[in-house]
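Accompanying notes for the structure given below.
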Amino acid sequence: DDAARAEARRQAALARMGNAVVRFVRVHTAARLLRWSIERFRESKQGPMLARASDIFRGLTAGALQRLVVDYDSTPLTLSGQRPGGALVGVDGLSEGTRDQLYLALRLAALELHLEQTTPLPFIADDLFINYDDARAEAGFAALATLAGLTQVIFLSHHEHLVPVARSVFGAGLNVVKLGD
């Protein structure tokens with residue numbers, strides 16, 4: 001009698017385990033499919049912007065930071081710059097000037113992608129390079145020169161020292177208008 005009850009309990013436990021395995025396989029498969037779908041969405045929507053922002057950022061930093069990397073496994077998501085040796089630097093580890101370059105790269109990449117889908121409007125920048133030295137300003141003007149191929153770029157500044165830097169990038173295509181002194 002005890003053996004029959006033990007066998008019944010064993011059979012019930014096996015049935016519960018079978019049900020749990022089926023549920024686990026379904027949940028695990030659904031989770032993998034969801035992860036794959038999210039990754040595909042990121043690649044199609046964020047990938048182009050992140051890739052373009054990485055290219056712009058590399059130019060702005062003169063190659064000191066090679067690309068932008070998003071850690072999708074952290075909560076909240078984190079954005080880092082990757083040095084040529086592979087080391088990652090978080091936004092909080094960047095200097096103020098490099099953070100400005102990062103934000104400019106992200107803005108320009110988003111704007112370029114937006115311009116592919118709409119009628120271009122002028123891009124107006126007001127003292128965009130206030131925290132930049134001349135080398136960074138030159139890299140910034142080079143990024144704006146690329147944007148100028150897609151839309152009109154208007155750069156406002158009261159910093160006279162930026163005029164020769166801008167001329168070195170834009171050449172004769174630069175139109176400088178000085179407002180009344």
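Every number here is computed from the coordinates shown, using simple stated rules; none is lab data. Quick caveat: nothing in here was measured; it's all calculated off a predicted structure. Positions of Cβ are backbone-derived with ideal geometry, glycine not excepted, and every protein chain shown enters the neighbour counts.
Brief remarks follow.
- R0 of 22 Å, Cβ-Cβ distance Ile38-Ile130: FRET efficiency to nearest 0.05: 0.05
- The chain: DSSP helices with Cα axial extent of at least 15 Å and average Kyte-Doolittle hydropathy no lower than -1.0: 2-41, 47-60, 96-115, 134-148
- Here region 115-181 and region 1-63 have alpha carbon centers that stand 47 Å from each other.
- Length gained on full extension, Leu111 to Leu14, computed as 0.36 nm times the residue gap minus the Cα-Cα distance: 29.0 nm.
- When the P(r) of region 89-146 is calculated, the portion above 18 Å amounts to 38% of the C-alpha pairs.
- Three-way shape label, region 48-134, alpha-carbon gyration tensor, a/c 1.5: oblate
- For the chain, the mean residue ellipticity at 222 nm estimated from helices alone is -18500 deg cm²/dmol, where every DSSP H run of n ≥ 4 contributes -39500 (n - 2.57) and the total is divided by all residues, rounded to the nearest 500.
- Using a Förster distance of 45 Å, the FRET efficiency for Leu121-Ala30 (Cβ separation, nearest 0.05): 0.55
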